[in-house]
Amino acid sequence: MGKWTRRDLVKAGLAASAGAMTGNNLLAEGRAPESTAAAPVFAQVAATEAKTLRERLLLDYGWRFALGNATDPDKDFGFGKLRREGTFAKAGRVDGPAAPRFDDSAWRKVDLPHDWAVELPFVNDPILVEHGGKPLGREFPETSIGWYRREFVLPASDAGRHIFLEFDGIFRNATVFFNGHYMADNMSGYAPLPLDLTDFANFGDKTPAKPGADPTGRNVLVVRVDASLDEGWFYEGAGIYRHAWLTKTAPVHVAQWGSYVRSDFGSVTGVVTSSDQSNVFVSTEVTNGGDVDVIGRVHTALIDPAGKTVATVTSEPATIAARETQMFATHTIVWHPEIWSLGVPNLYRAVTTVEADGVAIDHDEVTFGFRTLRFDPNKGFFLNGRPVKVKGTCNHQDHAGVGEAIPDRIQAYRLERLKWMGSNACRTSHNPPTPEFLDACDRMGMLVMDETRMMSSNPEGMSELERLIKRDRNHPSVFIWSLGNEEPEQGNTRGARIVRTMKTLQQKLDPSRLATTAMNSGYGGVGVSTVVDVQGVNYNDSLIDAYHREHPQQAMIGTETASTLATRGIYANDAPRGYMSAYDTEKPRWGNTAEEWWSFYDDREFLAGGFAWTGFDYRGETTPYKWPCISSHFGILDTCGFAKDTAYYYRTWWGAEPALHLLPHWNWEGKQGQEIAVWAYCNQDSVELFLNGTSLGSQAVKKNSHLEWKVPYAPGVLEARASKGGKVVLTDKRETAGPAAKIVAVADRPKIAADGQDLAVINVSIVDAQGRPVPTAGNKVKFSVNGPGNVIGVGNGDPSCHEPDKASERSAFNGLCMAIVQSRRGEAGAISVTVAADGLEAATVEVISAAGALVPIVD
C-alpha cells in the first residue's frame with residue numbers, strides 16, 4: 001500500500017484543519033507539561049478544530065413507530081411473507097417497512113428514548129405479573145413487535161467521511177436495516193450496538209433533483225424490535241429505550257471506545273492526596289478505514305476540573321495500515337492531581353487528537369478521575385487509601401411514568417434520592433447500565449458495581465462483556481466488575497471455566513479493576529469462587545464467617561442483601577390489596593430486614609460492605625403476592641422515589657448528619673385506645689416520646705437499631721425528642737390530620753434547560769386545612785401545563801395501581817403522587833404546572849425553562 005501525503009489527505013477531505021502540525025514527535029517520557037515543547041501547538045489545533053474533525057449527533061428525534069406482529073406477516077406489514085426471494089435473499093432488496101420506499105406516514109411520531117411496553121394495559125396473568133403485568137411474549141404477538149423508522153439526509157460534504165451509528169440500548173432482538181440493506185441483529189437488550197454505515201450511506205442534497213424523486217442524500221434507518229423473549233425475571237420494557245447517536249469521522253479515526261486512560265500512583269500504598277503525583281497511561285486505538293497506509297501519531301492533553309491543561313503527551317509516529325487498527329500507548333505524569341472521591345468527585349478530561357502526515361484529522365474525548373482502589377481480605381475496601389464501607393443498593397432501571405425509557409435527568413434524580421439516604425454505591429443489577437447513569441455517578445461521587453447480563457464465554461457473552469468493559473472502563477465511579485448473578489453453574493467446574501475465560505478478557509481490557517460474581521450458593525469448592533478476585537455473597541449471612549475463616553486471603557462483599565418487604569405508608573400486611581407493612585419486619589425466606597443485614601455487615605470489618613435489594617421498587621417480582629400487584633415491595637424508595645420508612649433507617653445509620661424519624665402516621669380513626677407500635681430511628685444518645693404533651697418514656701439508642709413503644713391511640717400530636725449530651729437536639733412529630741383540603745406541589749428544581757431532554761419532577765402531597773399531610777389520601781389529581789413543557793409520565797408508588805403511566809392525571813397513594821414535566825427543545829420560557837382535584841384547593845408551581853447550548857442533533 002502507498003502512504004498518504006498531505007495532498008492526498010486534502011483531496012480525501014481529511015485536512016479539516018488548515019494548520020499543519022510541525023512539532024517534534026515525542027515519546028511519552030512522563031515530563032511535566034511545560035517541558036513538552038510541541039504539545040501546546042498540537043493542543044491548540046485540537047481545541048479549535050474539534051467540531052470539524054468529528055461530529056457526534058443525537059438521533060433521538062423524528063422517529064416513526066408502529067406495532068407489528070410476531071406470528072402473522074400480514075399484520076407485520078408484510079415483512080417475512082413467503083416470496084420467491086426471501087427477506088434476506090438479495091443485499092439491498094428487502095420487503096415491508098425495511099424497504100426504503102415504504103410509506104410510514106400513518107405511523108405514530110415518537111422520540112427516543114421510547115418504551116412501548118409502559119403504554120400497554122396491565123394484564124392479569126401469573127407469569128406476566130412477575131414481569132410487570134404487560135402483554136409481552138410469544139403468547140401476545142400483537143404487542144410484542146415494534147417497528148421504528150427514521151429518515152435523514154447526509155450532505156454531499158460528508159462524502160469521504162465515515163458514518164457510525166450507535167444505539168445505547170434496545171430491548172430486545174433488534175434487527176437493523178439501512179437504505180434497504182440488512183445491517184445487524186442484536187440479541188442483547190442492554191449491551192450497546194455500534195454499526196458502521198459508511199458503505200451503505202447516500203450523500204447529496206436535501207431537496208430532490210426533480211419533483212417526486214428522493215433527495216440524493218436521503219437515508220432510511222429501520223429497526224424491528226422483537227420483545228417476545230425476555231432476559232430477566234422482572235420488567236424489561238420494549239423498544240429503543242436508550243439514546244441513539246450518529247457520528248461522523250475521517251477514515252482515520254479513534255476506534256469506538258478506543259481511548260483508555262489509566263492512572264497509577266505507583267508506590268503510594270497509603271492515603272492518596274493531591275500532594276502526590278500520578279502516572280497516566282493512555283492507550284488509543286486508531287482505525288484506518290481507508291485503502292492506503294498512513295503515518296500517524298496521537299496527542300493527548302489532560303485537562304483538570306477547572307479547564308486547565310496539566311499534562312500533554314504525544315506518541316511516536318507509526319504506520320496505520322489500511323483497513324487495520326493501530327494501538328498507540330503513551331505515558332505521562334500529572335503533578336498534584338485533584339482526587340476523585342465520594343465527597344469531592346473531581347473529573348478530568350483526556351482530549352486526544354489523531355494526526356496523519358502532519359494534519360490533525362480526528363478528535364476524541366473521555367472523562368476520567370484520579371483515585372485508587374484496594375480490597376483487603378481483613379480490612380474491607382479502600383478508596384484512595386481510606387477505608388470505605390460500601391453502603392450500596394441494587395437497582396433495576398425502570399421508573400414511574402416512563403418505564404425503561406428513563407430520561408438522563410431522572411438518572412441523576414434517582415441518585416440524588418439514594419445519596420439523600422446515605423448510600424454511596426449502586427450495583428447495576430443485572431445488566432450493563434445506560435452511559436448517562438455512569439456519567440451521573442462520576443459527577444456525584446457514587447461507586448458502581450458494573451454487571452454484565454450473560455455469564456457465558458460463548459461469542460455473545462464475550463461480545464457483551466467486551467462492549468461493557470470498553471465502554472465503561474474510563475468511569476472513575478466503576479470500582480469492580482460483576483461477571484454474573486446467581487447462575488446455575490456457579491458452584492461447579494464448568495462455571496469456573498466460563499468465568500475464568502471471562503475474567504481473562506476483563507483483565508486484558510481493564511487490568512485496573514478486580515472482578516466478582518454475585519453468588520447465592522456453591523461458595524468455595526471447585527466453582528466460580530476459585531476464579532473471582534472478590535467473593536460476592538447474595539444473602540446467606542450464616543455462611544459468611546465460616547467462608548472467611550476458610551478463605552482468609554479472599555476479600556468479600558455482599559453483592560445482594562436485605563430483600564426487605566414494605567409498602568410506603570402501610571403498617572399492616574394486606575394481601576387482598578397487595579400491600580406489606582412498612583415496619584422493618586417483613587422479609588422473604590432468603591432475606592433480612594434492613595436492621596438485621598446492616599448490623600451484621602457493619603460489625604465485620606473484613607466485609608467490604610453490601611448492596612441492599614433494592615434501592616427503588618420496580619415493576620415485576622411482586623413477592624409475596626400476585627395480582628393485583630404489578631410491582632415489587634423490595635425498594636427502600638418506591639417507584640417514584642418517595643421514601644418508605646426504611647429509607648430513614650438507612651439515612652440514620654448511613655448518613656453523617658444527626659437524624660430522627662418517627663413512624664407510623666397518626667391517623668387511626670376507629671382505633672382509639674388500641675395499641676399502636678411506634679418506632680423511632682435515631683443516631684443520638686436517647687429519644688423521649690410524648691403523646692399530646694405527656695411523656696411516654698425515654699430510651700437509650702443502640703447503634704444500628706431502632707426504638708419502639710406501644711402507645712394506646714388517641715388523636716393529637718405524637719412527638720419524639722432526641723437528646724445528645726443531655727440536651728434536646730432534634731424533634732419529629734406526627735399529627736392527626738383532618739380531611740383533605742388542598743394540594744401542595746413542589747418541583748425538584750426551579751430551573752431546567754430548554755433542550756427537550758431536561759425535566760422537572762413535580763411532587764404532590766395532599767394536606768388538610770392546616771397544611772398537615774393527610775397520610776391516607778387517595779384523591780385523583782390532574783396536571784395541566786401552560787408554557788413550553790409536556791407531562792411525559794405520572795406515578796404514585798402504589799404497587800397495585802393499574803392507572804396508566806402515560807397520562808395527565810393520577811390518584812394519590814397515601815397522600816403522594818408525582819408528574820414528570822419535560823422541556824421542549826429550543827423553547828425557553830416559564831412552564832406553569834397546575835395541579836387540581838375535585839374538592840381541593842389547587843396548587844401551581846412554576847419552572848423556568850432556560851435557553852442554553854443544545855446537543856447537536858440529526859435533522
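Quick notes
- Residues of region 360-412 satisfying the condition of being over 30 Å from Phe642 (Cα atoms), assigned to a loop (DSSP other than H, G, I, E, B) and among the charged types (D, E, K, R): Arg371, Lys379
- Filter result for Gly609 (open to solvent by less than 10 Å² (accessible area, probe 1.4 Å), at positive phi and more than 20 Å from the chain's Cα centre (by Cα)): yes
- Screening region 423-512 for helices (runs of 4 or more DSSP H) wholly inside it with 3 or more residues that are surrounded by 23 or more Cβ atoms within 10 Å (Cβ to Cβ), at negative phi and over 22 Å from the mean Cα position of the chain (by Cα) returns the ranges 493-509.
- Meets criteria (open to solvent by 10 Å² or more (accessible area, probe 1.4 Å), touching a residue at least 60 places away in the same chain (Cβ under 8 Å), farther than 21 Å from Glu365 by Cβ and among the small types (Gly, Ala, Ser)) for Ser275: yes
- Note on region 322-345: residues that are in a loop (DSSP other than H, G, I, E, B), open to solvent by 40 Å² or more (accessible area, probe 1.4 Å) and over 30 Å from Met446 (Cα atoms) amount to 1.
- Filter result for Thr300 (more than 30 Å from Ala656 (Cα to Cα) and within 29 Å of the chain's Cα centre (by Cα)): yes
- Residue in region 691-703 that is touching a helix residue (DSSP H, G or I) at 6+ places or on another chain (Cβ under 6 Å), part of a loop (DSSP other than H, G, I, E, B) and crowded, with 17+ Cβ neighbours inside 10 Å present: no
- Among the residues making up region 147-166, those that are of a type outside the set (Asp, Glu) and either without any contact (Cβ under 8 Å) to a residue 60 or more places away in the chain or open to solvent by 20 Å² or more (accessible area, probe 1.4 Å) (or both) are Val153, Pro155, Ala156, Ser157, Ala159, Gly160, Arg161, His162, Phe164.
- Any hit, region 563-577, residues being within 16 Å of Phe234 (Cβ to Cβ) and either open to solvent by 10 Å² or more (accessible area, probe 1.4 Å) or part of a loop (DSSP other than H, G, I, E, B) (or both): yes
- Phe122 in contact with a helix residue (DSSP H, G or I) (Cβ under 7 Å, 6 or more places away or on another chain), assigned to a loop (DSSP other than H, G, I, E, B) and surrounded by 16 or more Cβ atoms within 10 Å (Cβ to Cβ): no
- Hey, Asp602 under 25 Å from Gly558 (Cβ atoms), modelled with pLDDT of 95 or more and out of contact with any helix residue (DSSP H, G or I) (no Cβ under 8 Å at 6 or more places or on another chain) or not: no
- Flag for Ser849 being in contact (Cβ under 8 Å) with a residue 40 or more places away in the chain and open to solvent by less than 60 Å² (accessible area, probe 1.4 Å): yes
- Members of region 644-690 found to be of a type in the set (A, V, I, L, M), buried (at least 19 other Cβ atoms within 10 Å of the Cβ) and assigned to a strand (DSSP E or B), listed by number: Leu660, Leu662, Leu663, Val678, Ala680, Val687, Leu689
- Contact annotation: residue pairs with Cβ atoms under 7 Å, 6 or more positions apart or on different chains, pairing a residue in region 55-73 that is in contact (Cβ under 8 Å) with a residue 24 or more places away in the chain and under 30 Å from Pro251 (Cα atoms) with a partner that is aromatic (Phe, Trp, Tyr) and open to solvent by less than 40 Å² (accessible area, probe 1.4 Å), are Arg56/Trp245; Leu57/Trp245; Leu58/Trp245; Leu59/Trp245; Trp63/Tyr148.
- Top-ranked residue of region 525-562 - restricted to ones that are of a type in the set (D, E, K, R) and under 28 Å from the mean Cα position of the chain (by Cα), ranked as surrounded by the fewest Cβ atoms within 10 Å (Cβ to Cβ): Asp533
- A Cβ distance below 9 Å, combined with a sequence gap of six or more or placement on separate chains, defines the contacts here; from region 414-431, residues that are more than 19 Å from Glu236 (Cα to Cα) reach residues that are open to solvent by 20 Å² or more (accessible area, probe 1.4 Å) and acidic (Asp, Glu) in the pairs Glu416/Asp748; Gly422/Glu657.
- Applying a threshold of 8 Å to beta carbon distances and a minimum spacing of six or more residues, or different chains, the list of pairs starting in region 725-753 at a residue that is closer than 30 Å to Pro788 by Cβ and ending at one that is of a type in the set (Ser, Thr, Tyr) and open to solvent by 60 Å² or more (accessible area, probe 1.4 Å) reads Ala745/Thr844.
Quick grid of which residues meet (1) within 19 Å of the chain's Cα centre (by Cα); (2) in a loop (DSSP other than H, G, I, E, B); (3) modelled with pLDDT of 95 or more:
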{"position": "Ser188", "(1), (2), (3)": "yes, yes, yes"}
{"position": "Leu195", "(1), (2), (3)": "no, no, yes"}
{"position": "Thr207", "(1), (2), (3)": "no, yes, no"}
{"position": "Thr216", "(1), (2), (3)": "no, yes, no"}
{"position": "Asn219", "(1), (2), (3)": "no, no, yes"}
{"position": "Arg224", "(1), (2), (3)": "no, no, yes"}
{"position": "Gly237", "(1), (2), (3)": "yes, yes, yes"}
{"position": "Tyr241", "(1), (2), (3)": "yes, yes, yes"}
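- Evaluation of Ile240 against (1) open to solvent by 10 Å² or more (accessible area, probe 1.4 Å); (2) touching a Leu at 6+ places or on another chain (Cβ under 6 Å); (3) β-branched (Val, Ile, Thr) (one fails), failing number: (1)
- Residue match in region 287-310 (condition: under 30 Å from Asp168 (Cα atoms), touching a Ser or Thr at 6+ places or on another chain (Cβ under 7 Å), surrounded by fewer than 24 Cβ atoms within 10 Å (Cβ to Cβ) and polar (S, T, N, Q)): yes
- Within region 816-843, residues that are on the phi > 0 side of the Ramachandran plot sit with their Cβ atoms under 8 Å from residues that are in a strand (DSSP E or B) and of a type in the set (S, T, N, Q), at 6+ positions apart or across chains, in these pairs: Gly829/Ser849.
The values are calculated or read from the model by the stated rules, or taken from the named source; none is laboratory data. Every value quoted in this text rests on a predicted model; they were computed, and no experiment measured them. Note that each Cβ is placed from the backbone with ideal geometry, even for glycine, and that neighbours are counted across all protein chains shown. Heads up: the accessible areas ignore ligands, DNA and RNA and are worked out on the full protein's heavy atoms, side chains in. Shrake-Rupley method; radii C 1.70, N 1.55, O 1.52, S 1.80 Å.
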